[in-house]
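Take a look at the structure below.
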């Protein structure tokens, strides 16, 4: 059995997820990356030390797929210490006319993608001193003018975290969520918006964020680092907002 | 993980149960603490402890009544004369006597200590922060900043209920936090609240057992359980957090 600590990052191939994967590799923690895109998973394998990274193609919203991947992970005798549920998608919900299917998609992509890996891992029992972090959003607090299906799904994720933490506390499993503000990262949505209309986006941030700047991945990584440390062993069920106080 | 070297941190109520823990931890991580309280006996003891570790220079003790605005203004001026810039404030002082007996109307005292003095300290010390475009203010709330007290916890203590003023002031602290976070954001001065749950302090076994049943993690906090959180919020690692009430209570408030 490996003596290294082990983390699973759901949605760990790009954006904030990529930075979380990188964080674990830099900390010499073995990281199992789950994602939907084979190309991006292969890129992760090429980018990082093979001894520290394992990748699996998996649609986390499908319980059957999650179950079979977690069985494989267990067979390889991985004992999980950290689970980061970062998978999510706000893109498909940027529509004016929202349909029933938009709501279903938003919940599948932003809530079920966290619920499935959490509950399957607990069922498989291959964990030790487990700490779980769900990446929610300030949209979950109905801030930031995000579309309603996305906001509702993220709000549910925050409340799922809160409710499930009571059950997990008995097993000494700590689970919290982080709600990032508007993340600015090369080639992400905000980056593209900023590039297309700098003045408009600058005005938006000035008007809506007290600290007058975008959130950067490092702001979130710092909080993850703290929540995974021994220094935070008395906190569970809480949502931490890292949003520069956004409206 | 954290480095507070070069930070000058003002801690009120520094001689209290959590105050002493906070001061010690902040110094351990490199900060210089300006510790104020009305009773400095315990701080003197801490100074001796720090002397053994060659850290006593990192602790400056001041006997100050935070409800006396004149004393606070004089204190700030003295620091200015010495070119000391307080970049972090921890508003930890609070009137919360142990639940032993019926306390006759503590309303005005609670408002003075738990709210008015916090506002005054922020107003006095934030001017320099605004000028320097950097600052960090941490208010200490309570799990009772988000929930109401369950008076059943105190049922065995004759003629005692948790006073209304405590709830009001702790909810108010969150309001102060959000207000100043919104006001000071543009000056890069951030304001957060740390809300701890009940701390074990040799209360009787029956009381501890009763309180622990309300806490998913199954125990009251140890007095050092919050040290990591105060260092975390004081550090630059949280430079994008402002206006947040960080509740650290073993899950008490999620029930």
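Observations, loosely collected:
- Scanning region B:167-179 for residues being in contact with a strand residue (DSSP E or B) (Cβ under 6 Å, 6 or more places away or on another chain) and either more than 12 Å from chain A (Cβ to nearest Cβ) or at positive phi (or both) gives a total of 2.
- Among the residues of region B:45-75, those identified as within 19 Å of the chain's Cα centre (by Cα) and either more than 24 Å from residue B:132 (Cα to Cα) or touching a residue at least 40 places away in the same chain (Cβ under 8 Å) (or both) are B:46, B:61, B:62, B:63, B:64, B:65, B:66, B:67, B:68, B:69, B:72.
- Any hit, region A:199-215, residues being touching a strand residue (DSSP E or B) at 6+ places or on another chain (Cβ under 6 Å), within 11 Å of chain B (Cβ to nearest Cβ) and surrounded by 22 or more Cβ atoms within 10 Å (Cβ to Cβ): yes
- Here A:63, A:69, A:32, A:44 are screened, and the one residue that is closer than 22 Å to residue A:216 by Cβ and either out of contact with any strand residue (DSSP E or B) (no Cβ under 9 Å at 6 or more places or on another chain) or surrounded by 15 or more Cβ atoms within 10 Å (Cβ to Cβ) (or both) is A:44.
- Per the listing B:169, B:238, B:177, B:242, the residue uniquely crowded, with 23+ Cβ neighbours inside 10 Å and over 25 Å from residue A:222 (Cα atoms) is B:169.
- Of the criteria (1) crowded, with 23+ Cβ neighbours inside 10 Å; (2) part of a helix (DSSP H, G or I); (3) more than 14 Å from chain B (Cβ to nearest Cβ); (4) under 15 Å from the mean Cα position of the chain (by Cα), which one residue A:115 fails: (1)
- Any chance residue B:222 is within 14 Å of another protein chain (Cβ to nearest Cβ), closer than 18 Å to residue B:19 by Cβ and in contact with a helix residue (DSSP H, G or I) (Cβ under 8 Å, 6 or more places away or on another chain): no
- Total residues in region B:180-218, condition out of contact with any strand residue (DSSP E or B) (no Cβ under 7 Å at 6 or more places or on another chain), at the interface with chain A (Cβ under 9 Å from one of its Cβ atoms) and part of a loop (DSSP other than H, G, I, E, B): 5
- Selected residue [out of contact with any strand residue (DSSP E or B) (no Cβ under 7 Å at 6 or more places or on another chain), free of Cβ contacts under 8 Å to residues at least 12 places away in the same chain and surrounded by fewer than 22 Cβ atoms within 10 Å (Cβ to Cβ)] from A:91, A:124, A:75: A:75
- Residue match in region A:150-158 (condition: under 28 Å from residue B:233 (Cα atoms) and modelled with pLDDT under 95): yes
- Within region A:226-247, the residues that satisfy the criterion of being under 26 Å from residue B:225 (Cα atoms), more than 7 Å from chain B (Cβ to nearest Cβ) and not in a strand (DSSP E or B) are A:227, A:228, A:230, A:233, A:243.
- Residue tally, condition in a strand (DSSP E or B) and buried (at least 23 other Cβ atoms within 10 Å of the Cβ), over region B:1-26: 4
The values are calculated or read from the model by the stated rules, or taken from the named source; none is laboratory data. Everything quoted here is computed from the prediction, not taken from an experiment. Positions of Cβ are generated from backbone atoms using ideal geometry, with glycine treated the same way; all protein chains shown enter the neighbour counts.
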